[in-house]
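Structure first, commentary second.
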Amino acid sequence: MSSSDYILIKAEEDGVHVIGLTRGTDTKFHHSEKLDNGEVMIAQFTEHTSAMKIRGKASIHSANGIIQSESKK
């Protein structure tokens, strides 16, 4: 995935957390969003963001396909 690729995260329950993780020798949380059922977030990997953690039931769409995360309950 190049740095210009976007991913789309669609919440399928209230309270889905999207957490951005930093690049570098020490991986740290640098940004967090909370999505409610039906909300959509479009995100991009950048020079600062190397990974994203999705907590809660959501569908994640990328150039590599679609994956479903499971409910946090």
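The table for this structure:
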read-out: Candidate set: region 27-39, residues that are charged (D, E, K, R) and assigned to a loop (DSSP other than H, G, I, E, B); chosen: the one least open to solvent (accessible area, probe 1.4 Å); value: 36
read-out: Pairs where the first residue, in region 39-53, is of a type in the set (Ser, Thr, Tyr) and the second is modelled with pLDDT under 85, C-beta under 6 Å, 6+ apart; value: 50/23
read-out: Criterion violated by residue 53 - all others in (1) surrounded by fewer than 14 Cβ atoms within 10 Å (Cβ to Cβ); (2) at pLDDT 90 or above; (3) not in a strand (DSSP E or B) satisfied; value: (3)
read-out: Given (1) open to solvent by 60 Å² or more (accessible area, probe 1.4 Å); (2) in contact with a Phe, Trp or Tyr (Cβ under 8 Å, 6 or more places away or on another chain), index of the condition residue 20 fails; value: (1)
read-out: Members of region 2-26 that are modelled with pLDDT under 90, among the small types (Gly, Ala, Ser) and either under 17 Å from residue 71 (Cβ atoms) or not in a strand (DSSP E or B) (or both); value: 2, 3, 4, 24
read-out: Any chance residue 59 is modelled with pLDDT of 90 or more, among the polar types (S, T, N, Q), surrounded by 11 or more Cβ atoms within 10 Å (Cβ to Cβ) and part of a strand (DSSP E or B); value: yes
read-out: When residues of region 62-73 are limited to those that are within 13 Å of the chain's Cα centre (by Cα) and among the hydroxyl-bearing types (Ser, Thr, Tyr), the one surrounded by the most Cβ atoms within 10 Å (Cβ to Cβ); value: 69
read-out: Scan of region 40-50 for residues that are part of a strand (DSSP E or B), open to solvent by 40 Å² or more (accessible area, probe 1.4 Å) and either more than 11 Å from residue 9 (Cβ to Cβ) or touching a Ser or Thr at 6+ places or on another chain (Cβ under 8 Å) (or both), ordered by number; value: 44, 50
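The values are calculated or read from the model by the stated rules, or taken from the named source; none is laboratory data. In this text, all values refer to a predicted model and were calculated from it rather than measured experimentally. Counting neighbours? That spans all protein chains shown, and the Cβs are built from the backbone with ideal geometry, glycine included. In case anyone asks, the SASA skips ligands and DNA or RNA and just uses the protein heavy atoms, side chains included. Shrake-Rupley method; radii C 1.70, N 1.55, O 1.52, S 1.80 Å.
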